[in-house]
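Below you'll find the structure, written out as structure tokens, and then a few comments.
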Amino acid sequence: MSNSSSTHDGKYFVIQKGKAQCNQGNSFPQFKVTAHQKHYWNDDEGQPDYLAVTEDDLQFTPSGPSFGQCKLKPSSGGYLPCAFAPAGKWQKTYEKVKVMDKSCLTEISELMCSTGGKITVKEHGQTASMNKQNIKNADPQEQHIINPFMNFQEFQEETESDDNICE
């Protein structure tokens, strides 16, 4: 039996509303997905903020000096604006998951800038939320340990009875 663990295990996929950072800049732009308009992480409604970021997505919002002032470009008044120039595609992508034959980014992905900076993921953009299936499958005893002031079993029953109401 082979151990197929990956450095991406337990990491989140990056979505368009996530933020990037450059180790030489002082601003944190959002990702801009340009490689596709097809796959969304954790969003059934197809909202652009949830588009999956892939290895070919090399633009940011705002465009222009996306990462603010560049520490590698000193000037008499501080630093000159970022002149982001990607050096190839994103590295350390999750090659087991592809969108239109392009590997997806996770929290550990990196992109080099030809100016000399290294761009990494500051925020993946996803947020945790609990749906009815999570509530139904949760262990009431575990939930009591986490939050002893709430009767989780009663909450499960209320949530289950809400499913029977027609809207």
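Worth a mention:
- Picking from residues in the range 34-49 that are part of a loop (DSSP other than H, G, I, E, B) and either within 12 Å of the chain's Cα centre (by Cα) or outside the structural domain of GLY64 (by TED's automatic domain parsing) (or both), the one that is modelled with the highest pLDDT is TRP41.
- Qualifying residue in the range 21-30 (condition: surrounded by 14 or more Cβ atoms within 10 Å (Cβ to Cβ), assigned by TED's automatic domain parsing to the domain that holds LEU111, of a type in the set (A, V, I, L, M, F, W, C) and under 11 Å from the mean Cα position of the chain (by Cα)): no
- Filtered by the rule that a residue be under 16 Å from LEU105 (Cβ atoms) and of a type in the set (Asp, Glu), the range 35-86 gives ASP49, GLU55, ASP56, ASP57.
- Taking the criterion of being of a type in the set (Ser, Thr, Tyr) and surrounded by 18 or more Cβ atoms within 10 Å (Cβ to Cβ), the only residue of the range 31-40 that qualifies is TYR40.
- Candidate set: the range 68-88, residues that are loosely packed, with under 15 Cβ neighbours inside 10 Å and without any contact (Cβ under 8 Å) to a residue 24 or more places away in the chain; chosen: the one nearest to VAL14 (Cα to Cα): LEU80
- The combined condition, being at pLDDT below 85 and either assigned to a loop (DSSP other than H, G, I, E, B) or exposed (fewer than 11 other Cβ atoms within 10 Å of the Cβ) (or both), is fulfilled by GLN133.
- Verdict on GLU110 being surrounded by 15 or more Cβ atoms within 10 Å (Cβ to Cβ), within 17 Å of GLY18 (Cα to Cα) and either among the acidic types (Asp, Glu) or out of contact with any strand residue (DSSP E or B) (no Cβ under 8 Å at 6 or more places or on another chain) (or both): no
- Considering residues of the range 50-67 that are surrounded by fewer than 16 Cβ atoms within 10 Å (Cβ to Cβ) and either in a loop (DSSP other than H, G, I, E, B) or in contact (Cβ under 8 Å) with a residue 40 or more places away in the chain (or both) only, the residue farthest from the chain's Cα centre (by Cα): GLY64
The values are calculated or read from the model by the stated rules, or taken from the named source; none is laboratory data. Not measured: the values here are computed from a predicted model. For neighbour counting, all protein chains shown are included, and Cβ atoms are generated from backbone atoms with ideal geometry for every residue, glycine included.
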